[in-house]
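Trainee: Let me begin by handing over the structure; questions about it come next.
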Ligand SMILES: NC(=O)c1ccc[n+]([C@@H]2O[C@H](COP(=O)([O-])OP(=O)(O)OC[C@H]3O[C@@H](n4cnc5c(N)ncnc54)[C@H](O)[C@@H]3O)[C@@H](O)[C@H]2O)c1
């Protein structure tokens, strides 16, 4: 028996890169797959249905079962259509994997409203629209798996991708909230922070210390979609090449107290020596990154 036999899985961004690798593996492991992809350029431009159709063809040629939805995830109708397609075709939805994404890189002080909105809409709202539709169906089924895609920059911040980093951070908390809100209905929610060679990572202004292929990311997604991973929820996993790592859950580290309200002067006198600050890894590397960029190099990640 294949690993995902009988499962019905919808994958957004399944036309290219990591989403495509996830779709191909899910289908090869026996799942019926909705290949959802708007078929856009890296910045979200010029949609075409050919990209999703191509992957459906590929799955069919390999003996698998798939159907295409060449819709955008940025609207409620688009998210609903992706889930409805699975339910109408195969009677249920066992998992959704929200991989779709775009980039509009720009320094914060130059970023347009349109650049902000397009990125937040595709990543964060695009995960919400699909989670929203899927969670309603999964609540009725009393089972299901939601998987979001974040990024290291969603945890660590980014010099020139504030829109992308903020959207990716939002996805982590959306996933945690889904894990909490749907726990009693038997639905899990987890996040993947991948690194893989795709057209998107080719655009990253750094040399990546760790890198891998989209196909390296897919098995962890298949595991989380399976019945063997029902005990895992609210987690974020880095997947890159042969490495799988779990991220910590945010928690307060140190506190200071007084009876009543602090004055600014009292805070000034006490904060550095008691609560202090937490190390910000990328802040310490800004100078090296700027030097590398100045000579046309990509600094190491
Ligand atoms: N590649 C990496 O190293 C890396 C690192 C961190 C995070 N990620 C995340 O992993 C995910 C996949 O990235 P990738 O590198 O495979 O990118 P990719 O550009 O190869 O593929 C993204 C796919 O999403 C589709 N898409 C874009 N907007 C859409 C929309 N509105 N509706 C439906 N589909 C849409 C595109 O058509 C494309 O096929 C993204 O969320 C990305 O942010 C990737």
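Trainee: On the given criteria, is residue 113 closer than 30 Å to residue 206 by Cα, out of contact with any strand residue (DSSP E or B) (no Cβ under 8 Å at 6 or more places or on another chain) and free of Cβ contacts under 8 Å to residues at least 24 places away in the same chain?
Mentor: Values: closer than 30 Å to residue 206 by Cα: yes; out of contact with any strand residue (DSSP E or B) (no Cβ under 8 Å at 6 or more places or on another chain): yes; free of Cβ contacts under 8 Å to residues at least 24 places away in the same chain: yes.
Yes.
Trainee: I'd like to verify a number: residues in the stretch 85-110 that are over 22 Å from residue 134 (Cα atoms), outside any loop (DSSP other than H, G, I, E, B) and either within 13 Å of the ligand (Cβ to nearest atom) or out of contact with any helix residue (DSSP H, G or I) (no Cβ under 7 Å at 6 or more places or on another chain) (or both), how many?
Mentor: 2
Trainee: Another question, then. Could you go through the stretch 168-186 and let me know if any residue there is more than 9 Å from the ligand (Cβ to nearest atom), in contact with a strand residue (DSSP E or B) (Cβ under 9 Å, 6 or more places away or on another chain) and not in a helix (DSSP H, G or I).
Mentor: Yes, that holds for at least one residue.
Trainee: Can you confirm whether residue 81 is surrounded by fewer than 24 Cβ atoms within 10 Å (Cβ to Cβ), in contact (Cβ under 8 Å) with a residue 60 or more places away in the chain and within 16 Å of the ligand (Cβ to nearest atom)?
Mentor: Considered against the rule, which asks whether it is surrounded by fewer than 24 Cβ atoms within 10 Å (Cβ to Cβ), in contact (Cβ under 8 Å) with a residue 60 or more places away in the chain and within 16 Å of the ligand (Cβ to nearest atom), residue 81 comes out as no.
Trainee: Against the condition buried (at least 23 other Cβ atoms within 10 Å of the Cβ) and out of contact with any strand residue (DSSP E or B) (no Cβ under 7 Å at 6 or more places or on another chain), how does residue 91 come out, does it pass?
Mentor: no
Trainee: Does residue 128 meet the test of being in a helix (DSSP H, G or I) and away from the ligand (no atom under 14 Å from the Cβ)?
Mentor: Details: in a helix (DSSP H, G or I): yes; away from the ligand (no atom under 14 Å from the Cβ): no.
Answer is no for this residue.
Trainee: What residue, among those in the stretch 146-165 that are surrounded by fewer than 20 Cβ atoms within 10 Å (Cβ to Cβ) and away from the ligand (no atom under 12 Å from the Cβ), is nearest to residue 226 (Cα to Cα)?
Mentor: Taking the candidates together, the pick is 157.
Trainee: Turning to a different aspect of this structure: Name the single residue that is nearest to the ligand (Cβ to nearest atom) among those in the stretch 191-248 being in a strand (DSSP E or B) and without any contact (Cβ under 8 Å) to a residue 12 or more places away in the chain.
Mentor: 245
Trainee: Let me ask something additional. Looking at the stretch 23-51, which of its residues are over 19 Å from the mean Cα position of the chain (by Cα), surrounded by 20 or more Cβ atoms within 10 Å (Cβ to Cβ) and closer than 24 Å to residue 191 by Cα?
Mentor: Of everything in the stretch 23-51, those that are over 19 Å from the mean Cα position of the chain (by Cα), surrounded by 20 or more Cβ atoms within 10 Å (Cβ to Cβ) and closer than 24 Å to residue 191 by Cα turn out to be 27, 29, 31, 32.
Trainee: OK, next. For the stretch 6-70, please list each of the strands (runs of 3 or more DSSP E) lying entirely inside it that holds at least 1 residues being in contact with a strand residue (DSSP E or B) (Cβ under 9 Å, 6 or more places away or on another chain) and within 15 Å of residue 122 (Cα to Cα). It would help to see each step written out before you state the result.
Mentor: On the way: elements: 8-12, 32-36, 65-69.
So the answer is 8-12, 32-36.
Trainee: Considering the stretch 6-22 alone, what residues qualify as being within 15 Å of the chain's Cα centre (by Cα) and either free of Cβ contacts under 8 Å to residues at least 24 places away in the same chain or farther than 12 Å from residue 69 by Cβ (or both)?
Mentor: Scanning the stretch 6-22 gives 16, 17, 18, 19, 20, 21, 22.
Here, each number is a calculation from the coordinates, and none is a lab measurement. Just so you know, these numbers come straight off a predicted model, no measurement behind them. Ideal geometry is used to build each Cβ from the backbone, glycine not excepted, and the neighbour counts take in all protein chains shown.
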